[in-house]
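Participant: Sharing a structure, written as structure tokens. Questions coming.
FYI, it's all coordinate maths here, none of it is from the lab. Since the structure is predicted, the reported quantities are computational estimates derived from the model, not experimental observations. Virtual Cβ from ideal backbone geometry, glycine too; neighbours counted across all protein chains shown.
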Amino acid sequence: MTERETTRLVAWSQELSRVHTRLREALDVTRTALAAGTPGETATRDLLLYCHGFCMALDGHHQGEDRTLFPAIAAAHPELRPVLRALEQDHSMIAHLLGGLRTAVDRAAPPEELERHLEGIAAIMESHFRYEERQLLTVLETLELKAAPEEVLGPL
């Protein structure tokens, strides 16, 4: 195996860590925008853009994992199938929470309600990311997967 091939193999664990970091940052930016927002159409439009971007990024990340990454891990490491099922259940729960946030933003819910939505998403997302990192980063260092990072981990 060449050094370049080894680097690509190890890169999947690094890519996942980077994506999680960027999603955490996107959530922070969204929460900051909410905290700094002033009433009015401009603030609502800005928050809608932040929330939309964050929701799309997180949802795209999970869809990529479910569609490409998790099947590859299951094929290479069948013993991890229960872990992958738990992660997929988290993805479903997070998608439901994101839907609630989108609905609240679309109807211009008060900031306190939006913050509750973001707080719930943040709690589940962080727990999910930590579990995923504990369970999968080592596996990703040796996973042979020939696919574009955007296909595997979402368009970030």
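Participant: Any idea how far the Cα center of the stretch 47-113 sits from the one of the stretch 114-128, in Å?
Facilitator: 11
Participant: Quick one: Karplus J couplings for the stretch 107-124, per residue in order, coefficients 6.51, -1.76, 1.60, θ = phi - 60°, nearest Hz, x for Gly and Pro?
Facilitator: Coupling constants for the stretch 107-124: 9, 6, 4, x, x, 4, 5, 4, 5, 4, 4, 5, 4, x, 4, 4, 5, 5 Hz.
Participant: For residue 36 and residue 146 in the same chain, what is the full-extension length gain: residue separation times 0.36 nm, less their Cα-Cα distance, in nm?
Facilitator: Separation in residues times 0.36 nm, less the Cα-Cα distance, equals 35.3 nm.
Participant: Something else: Nearest 10 degrees, 0 to 90: what angle lies between the long axis of helix 41-64 and the longest principal axis of the chain (Cα atoms)?
Facilitator: Roughly 20 degrees between the two axes.
Participant: Here is a follow-up. Go through 63-70, 94-101 and give me the packing order, highest mean Cβ count within 10 Å leading.
Facilitator: Result, highest mean Cβ count within 10 Å first: 63-70, 94-101.
Participant: Applying the Karplus parametrisation 6.51 cos²θ - 1.76 cosθ + 1.60 with θ = phi - 60° to the phi angles of the stretch 67-79, what ³J(HN,Hα) value in whole Hz is obtained for each residue in order, glycine and proline being reported as x?
Facilitator: 7, 10, 5, 5, x, 5, 5, 4, 5, 7, 9, x, 5
Participant: Quick check on the chain: what does the Kirkwood estimate of hydrodynamic radius come out to from the alpha carbon pairs, in Å?
Facilitator: In the chain this quantity evaluates to 16.5 Å.
Participant: If each of residue 88 and residue 66 carries a label point 7 Å out from its Cα toward its Cβ, how far apart are those two points in nm?
Facilitator: For the pair residue 88/residue 66, the computed spacing is 0.9 nm.
Participant: Sticking with this one: Want the number for residue 22 to residue 80: 0.36 nm per residue separation, take away the alpha-carbon distance, what's left?
Facilitator: Going from the current span to full extension adds 18.3 nm.
Participant: Give me the extension gain from residue 56 to residue 11: residue separation times 0.36 nm, minus the current Cα-Cα distance, reported in nm with one decimal. Numbers along the way, then the final one.
Facilitator: Working: separation 45, 0.36 × 45 = 16.20 nm, distance 2.36 nm.
Additional length available on full extension: 13.8 nm.
Participant: So what are the ³J(HN,Hα) numbers for the stretch 91-101, from phi and the Karplus equation (6.51, -1.76, 1.60; θ = phi - 60°), rounded to whole Hz, Gly and Pro as x?
Facilitator: 4, 5, 5, 5, 4, 4, 5, 5, x, x, 5
Participant: Quick check for me: using +1 on Lys/Arg Cβ and -1 on Asp/Glu Cβ, what's the dipole size of the stretch 3-139 about its Cα centre, in debye to the nearest 20?
Facilitator: 200
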